């Protein structure tokens, strides 16, 4: 049986330059994938698998990861690092006025002049958000590309990835939260649509309807 991914939901989000660093320096591709092709179309990032074997036709679409690209403002902190939360503003302390009872106009003006500017900039983020059809597309090399997505989730350290896959005829549950693998189980529940169908009115075979 070919390994398949049946259900997947992702909320992964990481800086776009970190995505490129992951594929340039960090990723260890599965043996089925020789390389990846990264393209950008406006605000959409597409990472396509390149097969390591010749048994896949060049006309067969291989699995690809898809992300939307957005801009978030980041701020420089005291350590020179860029963070998403602006540094907390500190309340200025004012000296007493001439009468010693309150701040003087001179001290207020000096405080305004000394208030440091907070450096900020817009940074592009890749958002791998949605279900399987949105984030992981195409069937050929689907499971190897899913393994790449799991490694990206561990690298990102932000967001959550949950999935159900079939490997060697057995179902496996996957859950990665904030970069760490978490315990996951598969629960089989009754399909509410089937339950409703059992108790629904059968319009075609209803003796009260002529």
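Condition check: at pLDDT below 95 and either crowded, with 18+ Cβ neighbours inside 10 Å or touching a strand residue (DSSP E or B) at 6+ places or on another chain (Cβ under 7 Å) (or both). Does residue 10 satisfy that? Reasoning before the result, please.
Values: at pLDDT below 95: no; either crowded, with 18+ Cβ neighbours inside 10 Å or touching a strand residue (DSSP E or B) at 6+ places or on another chain (Cβ under 7 Å) (or both): yes.
Judged against the criteria, residue 10 is not a match.
Among the strands (runs of 3 or more DSSP E) confined wholly to the stretch 103-210, which include 3 or more residues that are modelled with pLDDT under 90 and closer than 30 Å to residue 71 by Cβ?
120-131
Are there any pairs with C-beta distances below 7 angstrom linking a residue in the stretch 81-92 that is modelled with pLDDT under 60 to a residue that is surrounded by 11 or more Cβ atoms within 10 Å (Cβ to Cβ), with the two at least 6 apart or on different chains, and if so which?
Cβ pairs passing all conditions: 92/111.
Just to be sure before I move on: is residue 55 closer than 11 Å to residue 126 by Cβ and loosely packed, with under 14 Cβ neighbours inside 10 Å in the structure I sent?
Taking the combined requirement at face value, the residue does not satisfy it.
Would you mind stating whether residue 45 is part of a strand (DSSP E or B), under 21 Å from the mean Cα position of the chain (by Cα) and touching a residue at least 12 places away in the same chain (Cβ under 8 Å)?
yes
I'm trying to understand the selection: among the residues of the stretch 16-42, which are touching a residue at least 40 places away in the same chain (Cβ under 8 Å), closer than 24 Å to residue 157 by Cβ, in contact with a helix residue (DSSP H, G or I) (Cβ under 9 Å, 6 or more places away or on another chain) and surrounded by 13 or more Cβ atoms within 10 Å (Cβ to Cβ)?
18, 19, 22, 27, 29, 30, 33, 36
The values are calculated or read from the model by the stated rules, or taken from the named source; none is laboratory data. Computed from a predicted structure; not experimentally measured. Glycine also receives a Cβ, built like all others from the backbone with ideal geometry; neighbour counts cover every protein chain displayed.
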